[in-house]
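Comments concern the structure below.
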Amino acid sequence: METLTTPLIEEYCEAHTSPESELLYQLFRDTHLHTVKPRMLSGQLQGRFLSMVSRLVRPVHALEIGTYTGYSALCLAEGLAPEGMLDTIEVDEELEEMINRYVNASKYKDKIRLHIGDARQLIPSFNCQWDLVFMDAEKRSTREFYDLLLPRMRKGGLMMIDNMLWSGKVVEEGSRHDLDTQAIMEFNDYVQRDERVSNVLLPLRDGIMMVMC
């Protein structure tokens with residue numbers, strides 16, 4: 001994942017943020033050693049943020065779209081209510097073994113359900129209202145997922161959408177013409193106009209759009 005701060009600021013923030021667990025550190029290293037896009041991993045700073053938000057919400061029903069190697073799922077699971085469950089969806093079946101290995105090594109193995117497939121097809125099969133959603137999926141589909149999920153959020157539920165600053169391209173004139181950047185800018189504008197929600201776009205790492213329903 002890209003960051004919009006300087007390396008020194010990033011290091012300072014991490015040094016003054018609660019450390020990740022040993023299991024998460026192992027997953028961080030494993031992801032960097034054995035995947036081609038390790039920057040997609042949340043990492044310590046964002047991971048501790050996701051954990052803290054989840055602890056505040058205490059979700060019974062939590063959903064993640066875009067598991068990658070499972071780091072963010074493990075962080076989100078830290079805040080689940082005692083009866084809570086996290087459903088996490090990953091489209092890349094080649095990541096299934098790594099995800100399951102780390103989930104099964106954690107104390108949250110009975111509270112995380114991994115689904116491999118297309119979120120568009122899987123979401124309608126869930127019979128619940130979501131308390132907490134974290135979305136880190138294909139950027140051109142963000143609005144589609146948002147529109148699919150919003151009617152199924154509980155009142156007061158929280159949705160978090162990652163990479164909504166897109167390495168700063170959303171404010172760089174020369175970088176606004178690629179399709180991903182255009183999709184992100186249009187989505188941010190769409191949320192800003194959506195009177196059904198309250199929203200805050202945070203400049204944390206690559207930008208997280210926080211949406212309260």
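A few comments on the model shown:
- Rg(Cα) / (2.2 N^0.38 Å) computed for the stretch 21-75, rounded to two decimals: 1.15
- Loop sites in the stretch 118-213: chymotrypsin sites (Phe, Trp or Tyr not before Pro), DSSP, at most 16 other Cβ within 10 Å: PHE126
- A simple count of charges around GLU64, restricted to other residues whose Cβ falls under 11 Å of its Cβ and scoring Lys, Arg +1 and Asp, Glu -1, yields -3.
- For the pair the stretch 124-176 / the stretch 60-98, the C-alpha centres are spaced 15 Å from each other.
- With R₀ fixed at 30 Å, the C-beta to C-beta distance from ARG101 to GLU172 puts the FRET efficiency at about 0.15.
- For ILE208, the shell of other residues with beta-carbons less than 10 Å away shows a net charge of -2, using +1 for Lys and Arg and -1 for Asp and Glu.
- FRET efficiency estimate (nearest 0.05) - Cβ-Cβ, THR5 to GLU138, R0 22 angstrom: 0.30
- Long hydrophobic helices in the chain, taken as whole DSSP H segments with a C-alpha length of 27 Å or more on their own axis and mean Kyte-Doolittle hydropathy at least -1.0, are absent.
- Orientation-averaged projected area, Cα convex hull of the stretch 7-212 (nm²): 11.6
- Long pairs among LYS107/LYS155; LYS37/LYS155; LYS109/LYS169, criterion Cα-Cα beyond 32 Å: LYS37/LYS155; LYS109/LYS169
Read the figures in this text as sums done on the coordinates, not as results from a lab. Since we're looking at a predicted model, the values are computed, not measured. Glycine gets a Cβ as well: all are built from the backbone with ideal geometry, and neighbour counts include every protein chain shown.
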